[in-house]
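> This is the structure, below, for whatever I ask next.
The values are calculated or read from the model by the stated rules, or taken from the named source; none is laboratory data. Remember, predicted model here, so these are calculated numbers, not experimental data. Cβ placement follows ideal geometry from the backbone for every residue including glycine, while neighbour counts extend to all protein chains displayed.
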Amino acid sequence: MSSTCDELVGLFYYIESNLLVEVCMVNKIIIALSMGLTAGALAQDFCNTAKHTGASKKVNGNEVSSYNGVGYELWYDRATSGSLTIYEDGSMACSFQSAGDYLCRAGLSFDSDKKYNELGGDMLAEFKLVKQNINGADYSYVGVYGWMEEVSKSPSKLVEYYVVDNWLTGWRPGDWVASNKMGDYTIDGAKYSVYWGEHTGPAIKTKGNTTFLQYFSIRENARDCGVINISAHMRLWEKLGMEMGKLYEAKVLGEAGSMGNGVSGTADFPHIKVYVKSDEVPSSSSVALSSSSVASSSSKTVPSSSSETVAESSSSVGGSSSSGTDAISFMVQRFDKAGIYQVFDMQGNFLGKVELKSGLSLKQAVANKFARSSVYLVKRGAFAKTVAVER
């Protein structure tokens, strides 16, 4: 996002509906630019406070269904017992005893009529994991799971895909997940290893075993909580020549399996939310441009795009209704370009500091300090913005 506010009188930032909102003031005109952050920069709230809410439904046998509009699935084999508890808020709790393979998931189900780039925005998955007493697991995956089908070719090809951000074992899944390693890539601010291969087994729309493709993105460092940009992974897979197809599902996954006596334990997900980002843009009633005092004093025009939206209304900012800007309850701060800035990755991890000197752009300062191509979140006091560095 270009720094529109660099040219304006003042700015501040606040959080609204999972968006970082940049607010600029020009001659008493308030302009709000919603700026969607990727992969967890805004995840700290639910990471710290998430808990199951609402009524729940407990499933004890293999089942594919939905509850309160959230798709879910429980599947296991060779198990003494297994269950999935799905909550009204979309979160879930998983339990398994002596299972050969156990899988629980919750999130979005699709009608297999659209590809990821036809949804009108990026698919995001928020999750928080609490794992307890996992015994006997030879492999495990925690992250995003789904199916899609490439229907433009004959015969059509099913694809089972994983974005793995954690694992219930003590070791990271590696080269054994699939036969072809495509390489290591920075995706949405974190390093992932990408694999693909073929697998024969049960599939989403066939009876008995069939052969299908498998795609994996496996995060270098496990995390228990965060936001996964599913579309960012799919864009890379497509760029690498991996076939993409119409979507059947995109769900947060907990899976564990054993080649021996079975795997037992629990995996609790007190927060799950899978959505298309375009559906999350706040309405003009919550991010507003007060029009009553605009008159003809505006000399700046802010372009709108998919990443920058200008909301025009006479409603309120931060819940304070007003017919003008005098009653807006915040203090606009001056933007001082020179100084020391803190730099974070898009998972909210602190990376270090940069000093911005006269004659140097913020992007140049970050690029000089950090050699890796990525998107960084740069903060100083009330000022915060994303900076993209390309090598």
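> Could you please find all residues in region 231-267 being in a loop (DSSP other than H, G, I, E, B) and buried (at least 20 other Cβ atoms within 10 Å of the Cβ)?
Within region 231-267, G245, Y248, S258, G262 meet the criteria.
> If I filter region 179-197 down to residues being surrounded by 20 or more Cβ atoms within 10 Å (Cβ to Cβ) and not charged (D, E, K, R), which single residue comes out as farthest from A256 (Cα to Cα)? So that I can check it myself, show each step before the final result.
First, the residues of region 179-197 that are surrounded by 20 or more Cβ atoms within 10 Å (Cβ to Cβ): 187-190, 192-196.
Filter once more, keeping what is not charged (D, E, K, R): 187, 189-190, 192-196.
Details: I187: 25, G189: 27, A190: 24, Y192: 20, S193: 20, V194: 20, Y195: 19, W196: 20 Å.
If we take residues in region 179-197 being surrounded by 20 or more Cβ atoms within 10 Å (Cβ to Cβ) and not charged (D, E, K, R), then G189 is farthest from A256 (Cα to Cα).
> Looking at region 51-62, I want the residues that are under 15 Å from T266 (Cβ atoms) and have a partner that is assigned to a loop (DSSP other than H, G, I, E, B) with Cβ atoms under 6 Å, at least 6 apart or on another chain. Which pairs are those?
H52/S91
> Go through the residues of region 196-215 one by one and say whether even a single one is out of contact with any His (no Cβ under 9 Å at 6 or more places or on another chain) and farther than 30 Å from G100 by Cα.
No: region 196-215 contains no residue that is out of contact with any His (no Cβ under 9 Å at 6 or more places or on another chain) and farther than 30 Å from G100 by Cα.
> Of the numbered conditions (1) of a type in the set (A, V, I, L, M); (2) crowded, with 20+ Cβ neighbours inside 10 Å; (3) more than 17 Å from M242 (Cβ to Cβ); (4) without any contact (Cβ under 8 Å) to a residue 60 or more places away in the chain, V142 fails exactly one; give the number of that condition.
(4)
> Please indicate, with yes or no, whether at least one residue in region 186-196 is without any contact (Cβ under 8 Å) to a residue 24 or more places away in the chain and either over 25 Å from I272 (Cα atoms) or not assigned by TED's automatic domain parsing to the domain that holds Q132 (or both).
Initially, region 186-196 is screened for residues without any contact (Cβ under 8 Å) to a residue 24 or more places away in the chain, giving 195.
Narrowing further to those that are either over 25 Å from I272 (Cα atoms) or not assigned by TED's automatic domain parsing to the domain that holds Q132 (or both): 195.
Yes: one or more hits.
> Residues in region 151-158: is at least one modelled with pLDDT of 95 or more, among the hydrophobic types (A, V, I, L, M, F, W, C) and surrounded by fewer than 17 Cβ atoms within 10 Å (Cβ to Cβ)?
no
> Here's a check for you: in region 122-135, which residue that is over 20 Å from A50 (Cβ atoms) and surrounded by fewer than 16 Cβ atoms within 10 Å (Cβ to Cβ) is modelled with the lowest pLDDT?
It comes out as N133.
> Here are some residues: T210, T169, T200. Which one is surrounded by 12 or more Cβ atoms within 10 Å (Cβ to Cβ), β-branched (V, I, T), assigned by TED's automatic domain parsing to the domain that holds G245 and at pLDDT 90 or above?
Exactly one of T210, T169, T200 is surrounded by 12 or more Cβ atoms within 10 Å (Cβ to Cβ), β-branched (V, I, T), assigned by TED's automatic domain parsing to the domain that holds G245 and at pLDDT 90 or above, namely T210.
> Right, something else. Counting only residues that are in contact with a Ser or Thr (Cβ under 8 Å, 6 or more places away or on another chain) and either at pLDDT 95 or above or farther than 26 Å from A137 by Cβ (or both), how many does region 97-118 have?
Adding up the residues that qualify gives 4.
> Among the residues of region 363-388, which ones are touching a strand residue (DSSP E or B) at 6+ places or on another chain (Cβ under 6 Å), over 24 Å from E126 (Cβ atoms) and at pLDDT 80 or above?
K363, A365, V366, A367, K369
> Still on this structure, please answer the following. Name the residues in region 155-169 that are in a loop (DSSP other than H, G, I, E, B) and within 13 Å of E243 (Cα to Cα), would you?
Within region 155-169, S156 is the sole residue that qualifies.
> Does region 271-288 contain any residue that is at pLDDT 95 or above, assigned by TED's automatic domain parsing to the domain that holds M123 and in contact with a Lys or Arg (Cβ under 6 Å, 6 or more places away or on another chain)?
yes
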